[in-house]
Amino acid sequence: MNNGIEIRWHGRGGQGAKTAALLLADVAFKTGQYVQGFPEYGPERMGAPITAYNRITDEHCKVHSNIYKPDYVVVVDETLLKSVDVTKGLKEKGALIINSKKSPEEIRPLLKGYKGKVCTIDAEKISMDALGKNFPNTPMLGAVVLSKGIVGLDQERFIQDMKESFQHKFRGKENLIEGNMSALKKSMEEVKVG
């Protein structure tokens, strides 16, 4: 794929990495781009490591495999840094986006020599403040889009498209729509880049 962006998500079952990848695909599709959003997991239980993927391009994509050389990697659960090589294949021109209370400088020694951009965000705190529960996927989605060039649309358009997606997903549950929108907006303000 010459013209596009590939993203690999690492999370644990139940944290919403798959849902975030699918929401990102939905929003990118609304901009007229070709998209893929899909998970990879077996019969694992809640809490087991999972991987999800996005391909976003402005031309038809005939590749239908996992992503081995992503432009961006999103780590929804910081504990995976100990057991999963999250930087494997990650392009140094891209970025690693991690849900962590730590700064990018504190995370860098755990990354097996990765020299590209590292972003951190305390998605748990944002989620707890906005939703009263730890649902880190929405703040992580906001952090991904904030990273330069992910979807190719401005923040205002992205926020509007996400609101429509949340209204569809959480029809009749205004508190969830408002909470997710609050988490999304807050995450776009709190990403630390190093």
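The values are calculated or read from the model by the stated rules, or taken from the named source; none is laboratory data. Because the structure is predicted, anything quoted here is derived from the model rather than measured. Counting neighbours? That spans all protein chains shown, and the Cβs are built from the backbone with ideal geometry, glycine included. Side chains are part of the model used for accessible areas, which takes the heavy atoms of the whole protein and leaves out ligands, DNA and RNA. Shrake-Rupley method; radii C 1.70, N 1.55, O 1.52, S 1.80 Å.
Lys101 meets each of the listed conditions (1) part of a helix (DSSP H, G or I); (2) touching a residue at least 12 places away in the same chain (Cβ under 8 Å) apart from (1).
Report yes if some residue within the range 124-131 is touching a Ser or Thr at 6+ places or on another chain (Cβ under 6 Å) and either of a type in the set (D, E, K, R) or surrounded by 16 or more Cβ atoms within 10 Å (Cβ to Cβ) (or both); otherwise report no. Looking through the range 124-131, at least one residue is touching a Ser or Thr at 6+ places or on another chain (Cβ under 6 Å) and either of a type in the set (D, E, K, R) or surrounded by 16 or more Cβ atoms within 10 Å (Cβ to Cβ) (or both).
Of the residues examined, Tyr72 is not one that is under 15 Å from Val193 (Cβ atoms), of a type in the set (Phe, Trp, Tyr), more than 18 Å from the chain's Cα centre (by Cα) and buried (at least 16 other Cβ atoms within 10 Å of the Cβ). Within the range 37-52, the presence of a residue that is among the aromatic types (Phe, Trp, Tyr), touching a residue at least 60 places away in the same chain (Cβ under 8 Å) and closer than 26 Å to Phe166 by Cβ is excluded.
The set of residues from the range 63-78 being within 12 Å of Pro49 (Cα to Cα), touching a residue at least 40 places away in the same chain (Cβ under 8 Å) and not aliphatic (A, V, I, L, M) comprises just one member, Asp77.
Residue count for the range 83-103 satisfying the condition of being of a type outside the set (Lys, Arg) and surrounded by fewer than 19 Cβ atoms within 10 Å (Cβ to Cβ): 6. Return yes when Arg108 is among the basic types (Lys, Arg), under 28 Å from Asn180 (Cα atoms) and open to solvent by 10 Å² or more (accessible area, probe 1.4 Å) and no when it is not. When the stated conditions are applied, Arg108 does not pass them. For residues in the range 6-26 being open to solvent by 30 Å² or more (accessible area, probe 1.4 Å) and within 23 Å of Glu59 (Cβ to Cβ), which is modelled with the highest pLDDT? Residue satisfying both the conditions and the ranking: Leu22. Scanning the range 132-146 for residues that are open to solvent by 10 Å² or more (accessible area, probe 1.4 Å) and at negative phi, we see that the one that is modelled with the lowest pLDDT is Leu146. Checked against (1) basic (Lys, Arg); (2) at pLDDT 90 or above; (3) touching a helix residue (DSSP H, G or I) at 6+ places or on another chain (Cβ under 8 Å), Lys93 passes all but a single condition, namely (3). On the stretch given as the range 80-121, residues that are hydroxyl-bearing (Ser, Thr, Tyr) and within 16 Å of the chain's Cα centre (by Cα) total 3. Reported count of residues in the range 27-61, each being of a type in the set (Ser, Thr, Tyr), open to solvent by 70 Å² or more (accessible area, probe 1.4 Å) and in a loop (DSSP other than H, G, I, E, B), is 1.
Gly179 meets the conditions (1) open to solvent by 30 Å² or more (accessible area, probe 1.4 Å); (2) in contact (Cβ under 8 Å) with a residue 40 or more places away in the chain; (3) assigned to a helix (DSSP H, G or I) in every case but one. The failed one is (1). The set of residues in the range 104-121 that are more than 18 Å from Val145 (Cβ to Cβ), aliphatic (A, V, I, L, M) and not in a loop (DSSP other than H, G, I, E, B) comprises Ile107, Leu110.
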